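Here is the structure we will look at, set down as structure tokens.
The values are calculated or read from the model by the stated rules, or taken from the named source; none is laboratory data. Everything quoted here is computed from the prediction, not taken from an experiment. So basically every Cβ, Gly included, is an ideal-geometry build from the backbone, and we count neighbours across all protein chains shown.
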Amino acid sequence: MFEDRIGQRTNGLKGFWAVLAMAVLLGGCADMGQQQQQPEPDTAAAASPSSDAAGANAASEQPVATAPVTRVVTKTTYVRVRRGDTLQRIAQKHGASVKDLSAWNHLKPNGHLRAGQSIKLVSKQTIAVQAGGAANSAANAAGSREVAAEVARHANSVTLVWPAHGRVVELFAPGATRGIEIAGKAGDPVIAAADGKVMYAGMGLNEYGSLIIVQHNKDFLTAYSHNRRLLVKTGDTVHQGQQIAEMGSENNDRVAVLFEVRRDGKPVDPMPYLPSSPQS
């Protein structure tokens, strides 16, 4: 069985990148198609007095712009502990209190930290949005712009959260497995490990079953395989912690999500990029 898994992972590598390349190509073609199919303006209608009147009426019916209001949003990030770090030092560096850090991470205030451990930071940010129904769309647009900027830049690392709560039933092994498998029950949530753009969502590879690929920056992407149901589509912007799929057993002999981290196209061990446990 283990040899079968190795063969599937190895044979799936070329197909994985072929699917991703096709997704990028199709995305570009779709944009071009939309541009080419734009209708020509109707000059006759534009010169018509009735259309002028209709335009004036439509303009008068448009809602009056409202003044922007402020909105407080909560953001969760993770930092990796370096040798010699303490909770007090991390708290001072990031403008938090030791008490809050301890509570967020279920640690004792004087507890020992180990190098490589992930520490959760929770912050509140105030953003300006339009009042009324435009508030959510304005906030979403701002979030999408931030993610797009991050996806477009190079990065030396990526801070991830666990894509599922469950037991790790298969570890990463260079040349043998290309990620880790986290077991669970059919329908359990699979979440985005970090903000990013969905580069692919579909059934393009038999070895992977129902697959989602999320690009986080120019150097890192994550992949989520064997899902029962996909909740996002190619081109979507996703945020860390957002549910993107339901766990399943598509083209797999158990209910689990195969989670991969790839840096510059090469599979790397996801564990160093994740908090110490799925419950962290």
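Before moving on, here are some points about what is shown:
For (1) out of contact with any Asp or Glu (no Cβ under 9 Å at 6 or more places or on another chain); (2) modelled with pLDDT of 95 or more; (3) part of a loop (DSSP other than H, G, I, E, B), each residue gets a yes or a no:
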position	(1), (2), (3)
Q240	no, no, yes
S249	yes, no, yes
N252	no, no, yes
E260	yes, yes, no
S277	yes, no, yes
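- Among the residues of region 251-262, those that are crowded, with 16+ Cβ neighbours inside 10 Å and not hydrophobic (A, V, I, L, M, F, W, C) comprise N251, N252, E260, R262.
- All conditions in (1) outside any loop (DSSP other than H, G, I, E, B); (2) among the charged types (D, E, K, R); (3) farther than 22 Å from N156 by Cβ hold for E207, with the sole exception of (1).
- Of the residues making up region 212-223, one or more are surrounded by 19 or more Cβ atoms within 10 Å (Cβ to Cβ), outside any strand (DSSP E or B) and within 12 Å of the chain's Cα centre (by Cα).
- Identity of the residue in region 164-211, hydroxyl-bearing (S, T, Y) and within 20 Å of the chain's Cα centre (by Cα), that ends up modelled with the lowest pLDDT: Y208
- Of the residues making up region 104-139, those that are modelled with pLDDT of 75 or more and surrounded by fewer than 15 Cβ atoms within 10 Å (Cβ to Cβ) are H106, K108, P109, N110, G111, H112, R114, A115, G116, V122, S123.
- Of everything in region 174-211 that is of a type in the set (K, R) and out of contact with any Leu (no Cβ under 8 Å at 6 or more places or on another chain), the residue that is surrounded by the most Cβ atoms within 10 Å (Cβ to Cβ) is K197.
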